Amino acid sequence: MVESYISELLPAKYIKRHQLMLYLYDILVDILVKADKYKLANLSFKFTNKIDNKVDFLDELERQRDLEISERVFIPHIFFSILRDLNYYLFESLSCIERGKVTVAFSLARKPFQDNLFYLSWMLVQPREFLEKVQYGDSGEYDVSDLRGKKDFVIDLFSKAKVLVQSRNSSLDFSQELLNPELLYDVIYNRRAENSLTSAFDKSIHLVTRNKNYPTEKKNLNFIFADDKIWDDFWDLYYKKIPYILLYLVEVIVAIFEKYVDIDEETSEFNRYIRNLKIILALSEDDNKELESIFDLIFSSDYLSMNCDECGNQFEFNMAVVNEIREDYLYTCQKCGFVERLGQYFVSDELLSHRKKIMIDNSDNENWKLILDK
């Protein structure tokens with residue numbers, strides 16, 4: 001049975017959580033791979049009336065400020081761009097924490113979890129308000145450095161995002177019990193909260209911090225003279241807090257992807273099944289024999305059809321392959337031996353290759369309208 005490689009430097013007690021985070025990261029990478037392969041950020045347009053070839057489409061949208069059309073045009077591009085930036089930092093953070101480079105791991109995690117996460121949540125909950133600020137407003141109107149201090153606003157954003165990412169079938173949605181908007185705000189942004197990561201984020205970047213909630217002690221520099229106990233405490237902090245933030249982040253990203261790529265409900269629920277089962281198996285300390293048996297049902301479904309990326313043959317999900325998937329995050333093609341990662345968003349090529357079209361009613365040259373989106 002193939003197994004994921006984890007650095008020998010990582011204490012055994014963190015391995016399950018680290019493997020889970022790598023799995024979730026792989027899903028985000030796979031979404032970007034699909035975006036590039038199928039050009040998901042590029043949309044085609046049709047107009048009800050002939051349009052002057054001299055008209056620049058983007059300039060015209062800027063002039064008309066039609067947010068309904070602009071949302072369909074700009075949000076996918078902004079989304080995939082933010083996701084790409086996030087993945088660069090997240091990968092390096094996970095790589096560093098695995099090898100015990102604690103301060104570097106925290107400093108790299110700060111941007112994706114304090115900045116990118118905020119904009120993605122805003123994009124999911126209020127895409128047109130977000131777009132209006134970014135496209136037509138001043139940068140001060142959408143600067144997370146200012147907005148994150150508005151506690152009620154951010155908690156409301158997280159609360160609405162939680163509703164949008166949850167499954168219609170609550171029995172499938174184990175992760176929703178793990179997402180608490182108020183707690184999420186405190187952990188990510190609240191400098192006064194005892195359970196906040198802001199101290200670790202700031203101290204990992206600055207040798208001296210003067211914030212009254214975690215000032216650098218006299219005759220000291222942040223982390224420079226840390227002993228093994230301090231390092232171990234912060235190592236432990238990363239694995240206690242970061243997985244739960246990443247869970248929320250992944251659900252927000254998947255929800256945006258599914259919305260703008262028009263993923264059907266059956267595909268969405270199938271992917272949610274796999275994510276939630278792996279999450280519970282990784283985070284729970286209890287015996288989960290009943291949950292493990294659900295994998296047999298998922299991978300015996302006639303709906304599931306997956307081909308090997310190496311040889312092209314369809315996978316046969318027999319007991320050996322399903323056991324691999326249940327025990328780890330890899331599975332092996334029995335035809336050619338190619339090792340595939342479970343960290344994917346499973347969706348048919350046919351759905352993704354169907355190019356989305358935007359139909360615009362331009363009969364009123366001063367007031368375009370979105371009339372068909374398919």
I'd like to check which strands (runs of 3 or more DSSP E) are fully inside the range 288-374 and have at least 2 residues that are in contact with a helix residue (DSSP H, G or I) (Cβ under 8 Å, 6 or more places away or on another chain) and at pLDDT 85 or above.
330-332
Residues satisfying the stated conditions in the range 195-252, i.e. part of a loop (DSSP other than H, G, I, E, B) and among the acidic types (Asp, Glu):
Glu217, Asp227
Being out of contact with any Gly (no Cβ under 9 Å at 6 or more places or on another chain), part of a helix (DSSP H, G or I) and of a type outside the set (A, V, I, L, M): is that true of Asp262 here?
no
Restricting the search to the range 340-357, which residues are more than 18 Å from Phe270 (Cα to Cα) and surrounded by fewer than 14 Cβ atoms within 10 Å (Cβ to Cβ)?
Ser353, His354, Arg355, Lys357
I'm trying to understand the selection: among the residues of the range 27-43, which are within 19 Å of Asp349 (Cβ to Cβ) and outside any loop (DSSP other than H, G, I, E, B)?
Ile27, Val29, Asp30, Ile31, Leu32, Val33, Lys34, Ala35, Asp36, Lys37, Tyr38
Among Lys50, Lys39, Lys13, Lys34, the single one that is basic (Lys, Arg) and over 28 Å from the mean Cα position of the chain (by Cα) is Lys50
Scan Glu269, Glu258, Glu251 and give me the residue that is under 24 Å from Leu351 (Cβ atoms), surrounded by fewer than 18 Cβ atoms within 10 Å (Cβ to Cβ) and at pLDDT 80 or above.
Glu269
Mind listing whichever residues of the range 160-181 are surrounded by 13 or more Cβ atoms within 10 Å (Cβ to Cβ) and either at pLDDT 95 or above or of a type in the set (A, V, I, L, M, F, W, C) (or both)?
Lys160, Ala161, Leu164, Val165, Leu172, Phe174, Leu178, Leu179
The listed residue being closer than 26 Å to Ser95 by Cα and free of Cβ contacts under 8 Å to residues at least 60 places away in the same chain, out of Phe153, Phe225, Phe234, Phe201
Phe225
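The values are calculated or read from the model by the stated rules, or taken from the named source; none is laboratory data. Small disclaimer: the values here were computed from a predicted structure and weren't measured. Here the Cβ is made from the backbone with ideal geometry for all residues, glycine too, and neighbour counts use every protein chain on show.
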